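Undergrad: Supplied in structure tokens, the structure appears directly below.
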Amino acid sequence: MNNLSGKVVVLTGGGGGIGRATAELLAKQGMKIVLLGGNNQEKLQQTQEVAAQYSDCLAIPGNLTDMGFLKQGIETATARFKGVDVLINNAGVAQNQPFEEISPDDFERIMAINFRVPFFLTQLALPYLKRSEQATIINVASVVSHAGYPMQSVYTASKHALLGWSKSLGAEYYKENIRVHAISPGGVYTDMVKISRPDLTADGMIMPEEIANIVLFFLANRGNAVVDEIMVHRVNKQPFLV
Ligand code: NAD
């Protein structure tokens, strides 16, 4: 098992379900946590308090879709912790609207947070990742990176884009010892699923802590065997169907 203590992780979407569970679990390993961006300051602060029980944790609230904020955020994080070893692109927004009602603003907002932000945040973090011996980028994609769900046209397109880019990124940077992983969950019991899938109940849903365990698996098992993407299904859904 890789020793993660003292390594620096920058995580987006830290105020939410998967982000909070991941921040807590990685802080328990002694990782230094940067919670980058959050449109709900109270939720971000709650996560910061949870993670700070175990390790150093810096919360930088703000709108991730603002390029200036991203740049400033990476500068603030690296000034405090002197580097970045792991970047987890986790923040995302869901959608539950008919295709013909999507406005250009909806389109821009969803594509921005789900795809443009990971893309350009990774560019900003890359100079620091290149200096790390354990450089890892984890993109939280979705089963909709593989399938088309009704009422989720832009969300689906954004997650296809995220997964496609993850593949290209991994192929481009593996020679520089940078690992790129994508996690594609089905329904996880967080605030998001209540918006995107109001038809689902908590019964049989994936828990955010289960996704956090997969993140830890990627980071702790850095050997010759590389899992590039992992799909994670709800227990009450037919396996092998997205
Ligand atoms: P969540 O709604 O609890 O968390 C999403 C987080 O993104 C929140 O902390 C929110 O503050 C942040 N965010 C959104 N827009 C932002 C912005 N403009 N600036 C800063 N922060 C912003 O949902 P979650 O389920 O924990 O989602 C985490 C990731 O998992 C997302 O990328 C989502 O697409 C993905 N995912 C979730 C599910 C599911 O069923 N919950 C399934 C597959 C994939």
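No lab work stands behind these numbers, since they all come straight from the coordinates. The structure presented is a predicted model; accordingly, all values stated were derived computationally and were not measured. Don't worry about glycine lacking a Cβ; one is built from the backbone with ideal geometry, like all the others, and counts go over all protein chains shown.
Undergrad: Along the Cα-to-Cβ line of residue 132, 7 Å from the Cα, sits a label point; which residues in the range 69-92 have backbone N less than 17 Å from it?
TA: 71, 73-91
Undergrad: Now for a separate question. Quick one: grab Rg to one decimal and Dmax as a whole number for the chain, Cα atoms only, in Å.
TA: Here Rg and the maximum Cα pair distance are 16.8, 50 Å.
Undergrad: In a shell of Cβ-Cβ distance under 12 Å around residue 32, excluding residue 32 itself, what net charge do Lys and Arg (+1) and Asp and Glu (-1) give? Walk me through the numbers before you get to the answer.
TA: Details: positive: 7, 80, 82; negative: 56, 85.
So the environment of residue 32 carries a net charge of +1.
Undergrad: Another question, if that's okay. Starting from the Cα-Cα distance between residue 39 and residue 107, subtract it from 0.36 nm times their residue separation and give me the gain in nm to one decimal.
TA: Answer, rounded to one decimal: 22.6 nm.
Undergrad: Follow-up question, since we're still on this one. Residue by residue through the range 8-14, which ³J(HN,Hα) values in whole Hz follow from phi under the Karplus form 6.51 cos²θ - 1.76 cosθ + 1.60 (θ = phi - 60°), with glycine and proline marked x?
TA: 9, 10, 9, 10, 9, x, x
Undergrad: What residues qualify as long-range amide H neighbours of residue 232, i.e. H under 5 Å apart, gap of 5 or more or another chain, H built at 1.01 Å from N?
TA: Amide H to amide H, under 5 Å and 5 or more residues apart or across chains, residue 232 pairs with 184, 186.
Undergrad: Read phi for every residue in the range 206-214 and hand back ³J(HN,Hα) as whole Hz from Karplus 6.51 cos²θ - 1.76 cosθ + 1.60, θ = phi - 60°, with x for Gly and Pro.
TA: For the range 206-214, the Karplus-derived couplings read 6, 8, x, 4, 6, 6, 4, 4, 5 Hz, x marking Gly and Pro.
Undergrad: For residue 53 and residue 147, compute 0.36 nm times the residue count separating them, minus their Cα-Cα distance, and round to one decimal in nm.
TA: Gain on stretching residue 53 to residue 147: 29.9 nm.
Undergrad: Using modelled amide H (1.01 Å from N, peptide plane; none on Pro or chain starts), what sits under 5 Å from the amide H of residue 180, excluding residues fewer than 5 places away?
TA: For residue 180, the qualifying residues are 137.
Undergrad: Would you give the gap between the C-alpha center of the range 130-150 and the C-alpha center of the range 1-23, rounded to a whole Å?
TA: Cα centroid of the range 130-150 versus Cα centroid of the range 1-23: 14 Å apart.
Undergrad: Output the pairs from 28/175; 7/130; 7/71; 167/194 with a Cα-Cα distance over 25 Å in this structure; if there are none, say none. Intermediate results must be reported in sequence, preceding the final value.
TA: Numbers: 28/175 30 Å; 7/130 14 Å; 7/71 21 Å; 167/194 29 Å.
Flagged as over cut-off: 28/175; 167/194.
Undergrad: Then there is this: Report the gain in length on full extension from residue 225 to residue 75: 0.36 nm times residue separation, minus Cα-Cα distance, nm rounded to one decimal. The partial results should precede the final answer.
TA: Numbers: separation 150, 0.36 × 150 = 54.00 nm, distance 3.30 nm.
Roughly 50.7 nm would be gained on extension.
Undergrad: Given only helices, namely DSSP H runs of n ≥ 4 each adding -39500 (n - 2.57), what is the per-residue ellipticity at 222 nm of the chain, to the nearest 500 deg cm²/dmol? Please report the intermediate quantities before stating the final value.
TA: On the way: 8 runs with 100 residues, N = 242.
My calculation for the chain gives -13000 deg cm²/dmol from helical runs alone.
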